[in-house]
1. Suppose R0 equals 25 Å; then what is the FRET efficiency for residue A:34 and residue A:273 from their Cβ-Cβ distance, rounded to the nearest 0.05?
2. Counting only protein heavy atoms, what percent of the accessible surface of the range A:61-284 is carbon or sulfur at a 1.4 Å probe?
3. Quick one: net charge of residue B:35's neighbours, Cβ under 9 Å, K/R +1, D/E -1?
4. Once you list every other residue whose beta carbon is under 12 Å from the beta carbon of residue B:200, what net charge do they have if Lys and Arg are +1 and Asp and Glu are -1?
5. Taking every residue in B:41-51, how many Cβ atoms of other protein chains lie within 10 Å of its Cβ, on average?
6. Got a number for the accessible area of residue B:159? Probe 1.4 Å, square angstrom, nearest 10.
7. Using a Debye calculation, one point per C-alpha and no hydration shell, please list log10 I(q)/I(0) for the protein assembly as shown at q = 0.07, 0.10 Å⁻¹ in order.
8. Under the rule a/c < 1.5 gives rounded, and otherwise a/b versus b/c splits prolate from oblate, where does the range B:61-130 land using the Cα gyration tensor?
Amino acid sequence: MRAPRASRAARYAPAVYPTIMLGLFFVVPFAIMLAVSFAHRVPGGFYEPGFELANYARFVSSFFLGTLGFSLFVAGLTAVICILVGFPVTYFITRMPRRRQVVWMVFLLSVLSLSEVIIGFTWSILLSRTAGLSNLLVWLDLMDKPVSWAPGFAALMCGMCYLGFPYTVLVLFPALSRLDPELPEAARTLGASPLRTFFTVIMPIYRNAIVATVIMIFVFSLGVYLLPQVLGRPQHWTLSVLITDQAIFQSNLPFAAAMAVFLMMVSLALVGVTLLLGRAERRAA
Amino acid sequence: MSGLRLEGVEKRFGAIVAVGDAHLHFPEGQFFCLLGPSGCGKTTLLRIVAGLIEPDAGRVLLDDDDITDVPAHRRNFGMVFQSLALFPHLTVGENIAYGLRIRKVERATRRKRCEELLELVRLPGVADRHVSQLSGGQRQRVAMARALALEPRLFLLDEPLSALDAKLREDMQVELRQLQQRIGVTTILVTHDQREAMTMSDRVVVMNEGRVAQVGPPLEIYRSPANTFVADFIGTSNLLPAVVAAAGRVTVAGEALAVAALPDGLGPGAEATISVRPESVHVLPDSAAGENRLPGRVTFVRDVGVSVETYLDCAGHEVISIASPKDRPDVRQGDRVLVELPAADIVVLSA
């Protein structure tokens, strides 16, 4: 039976607003970026409409591909470190009394209010030779003289993880709060120590949540473009830095757009592969 | 002394005494029910036995060994939880074999033991299924099989049947009791359902507000409750205020009644409460004379076929009488009648 026209329109009415918003602020800008990535650059000027693959061709060089690989590596490592630290921390927060949980969550949310700029410069000061943590270690007689830890790869990772950590906890918190407290207790009565309970019951139950969080932090970290410049050396600059550089300082929007599209495709493909692997494994189990 | 013993066990949550000064002995091989209304501390007591909660005071002894400080994972007590707590990421077989795997038992042995246990709980051939594919009653059995996998010293159950529908619950009660008798493991079950406790246990521990109110075989607790709480909580009971008149006699609503026995320490003039089970109360036509009768008025008759409940008003106190259909009193709402309370069925409790 076919519904009358008017009522069918009414049924879809609630979807109109989100559709318009999504189209206006997501699909249209993305389409423009896609179009620009094929446009022809006018050296010293802007760009003119056209269809050429020159921008993508330029990207496929060892320098840019190397940067792409490094970007994926940094984002992946950040996601893994965040989950390794964040999952146990979130678990212990959810096991705390309600009032202490609130204190922790307020603290983590306040970290979110710090911008990437502030986090970047704070870490660079903390890791500097003149005013950094190494001075504290010298004062404690653990080191001979203060050293500079920033810029460098370790400094970059510190900043990246600091940035991703609150998100990790926020995403895992609702899922872990819902854990039936009797599940770990059941494992205890069956002879599993608290540590074994954590690895044999709690972690496996949250496999999906863990995978989802890793993907989120990975994608989020790919877009970070300030920290590599503040905390890293030029060889630690990620693709996001190069995109910013091309778009703003070199005025080469077509090339910036091409890199952005490429980065997006590669990260989407990686996320897709991860999800497929997860599903295949579940089917096998 | 073999079996489990609790000595002065106490647990407070803030200002609330969840369990206060519990002294209990659970001899080997018996089936115990911890019975009481919600919030009476029965689950807390079970968790203290399991080692999931540390008591604030007192000792837990197993065969005279102090196990108060032994953590839950070293006690080897099987426990079935209220939510069943089956691991959602494992199959039925993996759930049952979890404890064996922790103990590094070989795969083949695990598999064999798992089949045996499923046989024991009458659920063979589901080892490879996922927990989510089972019905409520089947999950129940899997949870029991898992708790029994390590041949535990003690089998603990925390209201495991409360999630089942009434019919299945009754079946499972009988089955659980038979299972316990087959394997002979000392069992402690927490329940708020007195019928469940009566069906299954060798001994019932009635708890109220963190205290042990009475311990005894089910029928003893039913027939001679130790106080008004037990009388009221176990089954239904007619509780009437009374005053001790002389040896073997009490006064209720101005009428002298003969009673079989008086508790120690109640002299003439002492306030007391009498408890009479509804099935012991007989409703008689107004004219009949005799001992132990109170005048009353019929306020309501509920005839549900299998039994007849007569609600009576005796000097402002409600008294309920239950009779089988063939003993149905020939009375109607509003009739003035005599209510007979046989001396042998009156339990006098200190008020």
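1. With a Förster radius of 25 Å, E is 0.65.
2. 71 percent
3. Here the charged neighbours net out to -1.
4. Taking every Cβ under 12 Å from that of residue B:200, the sum is -1.
5. 1
6. About 20 Å², rounded to the nearest 10.
7. Results for the protein assembly as shown at q = 0.07, 0.10 Å⁻¹ read -0.72, -1.05.
8. prolate
The values are calculated or read from the model by the stated rules, or taken from the named source; none is laboratory data. These numbers come from a predicted model, not from an experiment. Heads up, the Cβs are rebuilt from the backbone with ideal geometry, glycines too, and the neighbour counts pull from every protein chain shown. The protein model used for the area step is the full one, side chains on, heavy atoms only, and it has no ligands, DNA or RNA in it. Shrake-Rupley method; radii C 1.70, N 1.55, O 1.52, S 1.80 Å.
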